1. Determine the order of Glu74, Glu61 by accessible area, beginning with the largest, at a probe radius of 1.4 Å.
2. On a full-extension model of 0.36 nm per residue, what is the gain between His98 and Arg47, subtracting their alpha-carbon distance, rounded to one decimal in nm?
3. Show the residues, 5+ positions off or on another chain, whose built amide H is closer than 5 Å to the amide H of Ile75.
Amino acid sequence: MKTSFVLAIIASTVGVIADSALLSCGHHLVNSGSWTQSQIAKAACGRTDTCNGEEWNTIFEILLMSSGPSSWVEIKSRGVFCHKGCYGDIDKYNAQCH
């Protein structure tokens, strides 16, 4: 339910944020209930077990899909691991490295 609500908000604001990337820290994605640790590890390093914990402080881009349900999103790793931690306002999707 929580995931659907977050996805519905993202989908409803597509027109407003179409020109900017939605960036989130791995730990934000998991703590919000949107994704599991296995899913962020798969996106970060191609494995579902772990990336030696690096997936937690990796910056992910949230991609709004043009096909499928209107609230369907996908994540991909930006290839940025934050050695000193990842932060940002989860509601503004502005993840950055410390």
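The values are calculated or read from the model by the stated rules, or taken from the named source; none is laboratory data. Values in this document were obtained by computation on a predicted structure and should not be read as measured data. For accessibility, only protein heavy atoms count, side chains too; no ligands or nucleic acids. Shrake-Rupley method; radii C 1.70, N 1.55, O 1.52, S 1.80 Å.
1. Glu74, Glu61
2. Numbers: separation 51, 0.36 × 51 = 18.36 nm, distance 2.56 nm.
Extending this stretch completely gives an extra 15.8 nm.
3. Correct list: Leu63.
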